[in-house]
Amino acid sequence: QGLKPLAPTDYPHLIFGTSKPAPGLPAADPFLGKNKVPDLQKVFQKSDGLPVHLKLGYPDRLLYRTTMALTIGGTIYCLVALFIASQPKKQ
């Protein structure tokens, strides 16, 4: 019997992508939606003095402020924990 190879020696033919739609599907896929890149490029390239991470308005500001609050809160928590840990233990 002996040892047998783990992987098959003959591989199926590769199928490469084509520009033709698959049979049975409409020519334009409705689930792809509208291309939003040109609209977003206009928003992000506008020179209004805002940093890129705040250009989309209220959701960006909310995420930014939440991140800053958690960062500052975490820093204060770590400093307080280090201060408490550095105090000599009372017996």
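Enumerate the lysines that residue 36 could reach by cross-link, defined here as Cα to Cα under 18 Å, with residues fewer than 8 away along the same chain left out. Partners found: 46, 55. Compute the label zone of residue 35 within the stretch 42-79: residues whose backbone N is under 18 Å from the point 7 Å along Cα-to-Cβ. Residues 42-45 qualify, since their backbone N sits under 18 Å from the label point.
Find, to one decimal place in angstroms, the Kirkwood hydrodynamic radius of the stretch 33-84, where the mean of 1/r is taken over every pair of different Cα atoms and then inverted.
Values: mean 1/r = 0.0732 Å⁻¹.
Evaluated over the stretch 33-84, this radius sits at 13.7 Å.
Computed over protein heavy atoms with a 1.4 Å probe, the accessible surface of the stretch 49-90 works out to 90 Å² per residue. Note on residue 4: no lysines have a C-alpha under 28 Å away, same-chain residues under 8 apart excluded. Extension gain, residue 45-residue 89: 0.36 nm per intervening residue step, less the Cα-Cα distance, totals 10.0 nm.
The values are calculated or read from the model by the stated rules, or taken from the named source; none is laboratory data. Note that the structure is a prediction, hence the values are computed from the model and not measured. Please note: Cβ atoms are built from the backbone with ideal geometry, for glycine as well, and neighbour counts cover all protein chains shown. The protein model used for the area step is the full one, side chains on, heavy atoms only, and it has no ligands, DNA or RNA in it. Shrake-Rupley method; radii C 1.70, N 1.55, O 1.52, S 1.80 Å.
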